[in-house]
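Colleague: One structure coming up, written as structure tokens, with questions to follow.
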Amino acid sequence: MVSLRNYNLVKIVLKRYYVSMIKELEMNGRVNAELVFHLGRIASGEIDFHAWLGTSWGLLFSHPKDFTPVCTTELGATAKLKDGFTRRNVMVLAVSVDALDSHSQWVNDINEKQNTNVDFLVLADPDHTVSDLYDMIHPNANDSLTVRSVFFIDPKKKIRATITYPASTGRNFNEILRVIDSLQLTDGYSVATPANWNVGNGVNIVPSLQDLEVLKKEFPKGYTVVKPYLRITPQPDLM
Ligand code: BEZ
């Protein structure tokens, strides 16, 4: 016979377990969460995403559907920025719920019509494993296709930024490179990049840094104090 006390204890333990599981699921895909999926299907077989990334940065982005106009221009635009991604040490991985043979036929179209060479990976996710894990399917928009999600992954396999657009709005891939520049710069120095910042513009010193000796050492070019919390310094060199 299970006593009422034991029954209540089991209920409490189960509740705690489910709450922590749900919390863990909710953290997936959020800023500073660990990248949790490892395997996916690409043209040459299965990919161990962690091993493939190695010590590089990663860009994982979903597109809603193969053979559609906006997605076609997005993959073409990404391919044309290959040098920009390589210079920043970023490996690119696209994902959609369509199947592999569809991807390869579509990539031929993109190469031909966008005059480019899509040589980054396009993951096939027909069973929604990756799309569900990262909340790329927003049922109020469409319950079977992904929205346009972007995940910026750092060399420690942490998701450092995310962007989400609806299917009807194509992304600006120069903005994606700008976000990577900001992440890489702010990892190296005690700075944050202000609104509309681009490489070469001044940056803000983080408010937590107040030690005058450290400030002098870290910002030899000096800085302007607009307000005690708003200090502007010339951009340090990107690593
Ligand atoms: C597009 O890429 O053009 C698209 C894809 C899915 C829904 C709407 C537009």
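The values are calculated or read from the model by the stated rules, or taken from the named source; none is laboratory data. Here the structure is a predicted model, which is why all the values come from computation and not from measurement. All Cβ positions, glycine included, derive from the backbone under ideal geometry; neighbour counts span all protein chains shown. For accessibility, only protein heavy atoms count, side chains too; no ligands or nucleic acids. Shrake-Rupley method; radii C 1.70, N 1.55, O 1.52, S 1.80 Å.
Colleague: Could you tell me which residue of region 153-182 is nearest to residue 140 (Cα to Cα), considering only residues that are outside any loop (DSSP other than H, G, I, E, B), open to solvent by less than 40 Å² (accessible area, probe 1.4 Å) and in contact (Cβ under 8 Å) with a residue 40 or more places away in the chain? Steps first, answer last, please.
Modeller: In the first step, residues of region 153-182 are kept if they are outside any loop (DSSP other than H, G, I, E, B); the result is 153, 158-165, 173-182.
From the residues that got through so far, the ones that are open to solvent by less than 40 Å² (accessible area, probe 1.4 Å) too are 153, 159, 161, 163, 173, 176-177, 179-182.
Cutting the leftovers down to in contact (Cβ under 8 Å) with a residue 40 or more places away in the chain gives us 153, 159, 161, 173, 176-177, 180-181.
On the way: 153: 27, 159: 25, 161: 23, 173: 26, 176: 25, 177: 29, 180: 30, 181: 33 Å.
Going through the qualifying residues, I end up with 161.
Colleague: Which one is least open to solvent (accessible area, probe 1.4 Å) among residues in region 117-152 that are acidic (Asp, Glu) and assigned to a loop (DSSP other than H, G, I, E, B)?
Modeller: Ranking the qualifying residues of region 117-152, first place goes to 125.
Colleague: Looking at (1) under 16 Å from the mean Cα position of the chain (by Cα); (2) hydrophobic (A, V, I, L, M, F, W, C); (3) modelled with pLDDT of 95 or more, which is the only condition residue 81 fails?
Modeller: The single condition residue 81 does not satisfy is (1).
Colleague: Do you know which of the residues in region 219-239 that are under 29 Å from the mean Cα position of the chain (by Cα) and among the charged types (D, E, K, R) is least open to solvent (accessible area, probe 1.4 Å)?
Modeller: The extreme case among them is 231.
Colleague: Would you mind finding the one in 237, 132, 125 that is within 16 Å of the ligand (Cβ to nearest atom) and modelled with pLDDT under 95?
Modeller: Working: 237 fails: within 16 Å of the ligand (Cβ to nearest atom); 132 fails: within 16 Å of the ligand (Cβ to nearest atom).
Criteria check complete, one pass: 125.
Colleague: Please tell me if residue 151 is more than 15 Å from residue 70 (Cα to Cα) and either among the hydrophobic types (A, V, I, L, M, F, W, C) or within 16 Å of the ligand (Cβ to nearest atom) (or both).
Modeller: Taking the combined requirement at face value, the residue satisfies it.
Colleague: Additional query: Looking at region 67-103, which of the residues that are within 16 Å of the ligand (Cβ to nearest atom) and β-branched (Val, Ile, Thr) is nearest to residue 134 (Cα to Cα)?
Modeller: 95
Colleague: Please indicate, with yes or no, whether at least one residue in region 166-184 is in contact with a Ser or Thr (Cβ under 8 Å, 6 or more places away or on another chain), within 16 Å of the ligand (Cβ to nearest atom) and not aliphatic (A, V, I, L, M).
Modeller: yes
Colleague: Moving on. Is there any pair with a first residue in region 37-66 that is within 16 Å of the ligand (Cβ to nearest atom) and a second that is of a type in the set (Lys, Arg) and open to solvent by 40 Å² or more (accessible area, probe 1.4 Å) whose Cβ atoms are under 8 Å apart and which are 6 or more apart or on different chains, and what are they?
Modeller: none
Colleague: A further question follows. Name the residue that is nearest to the chain's Cα centre (by Cα), counting only residues in region 135-148 that are of a type in the set (D, E, K, R) and within 16 Å of the ligand (Cβ to nearest atom).
Modeller: Of the residues in region 135-148, the ones of a type in the set (D, E, K, R) are 135, 143, 148.
Adding the requirement that they be within 16 Å of the ligand (Cβ to nearest atom) leaves 143, 148.
On the way: 143: 22, 148: 11 Å.
Checking each candidate, the answer is 148.
Colleague: So, in region 62-116, exactly how many residues are open to solvent by 40 Å² or more (accessible area, probe 1.4 Å), in a helix (DSSP H, G or I) and among the charged types (D, E, K, R)?
Modeller: 8
Colleague: Considering only residues that are surrounded by fewer than 16 Cβ atoms within 10 Å (Cβ to Cβ) and more than 18 Å from the chain's Cα centre (by Cα), look in region 185-196 and name the one that is farthest from the ligand (Cβ to nearest atom).
Modeller: Going through the qualifying residues, I end up with 188.
Colleague: Moving on. Going by the structure shown, is residue 201 within 16 Å of the ligand (Cβ to nearest atom), in contact (Cβ under 8 Å) with a residue 24 or more places away in the chain and open to solvent by 20 Å² or more (accessible area, probe 1.4 Å)?
Modeller: The answer is no for residue 201.
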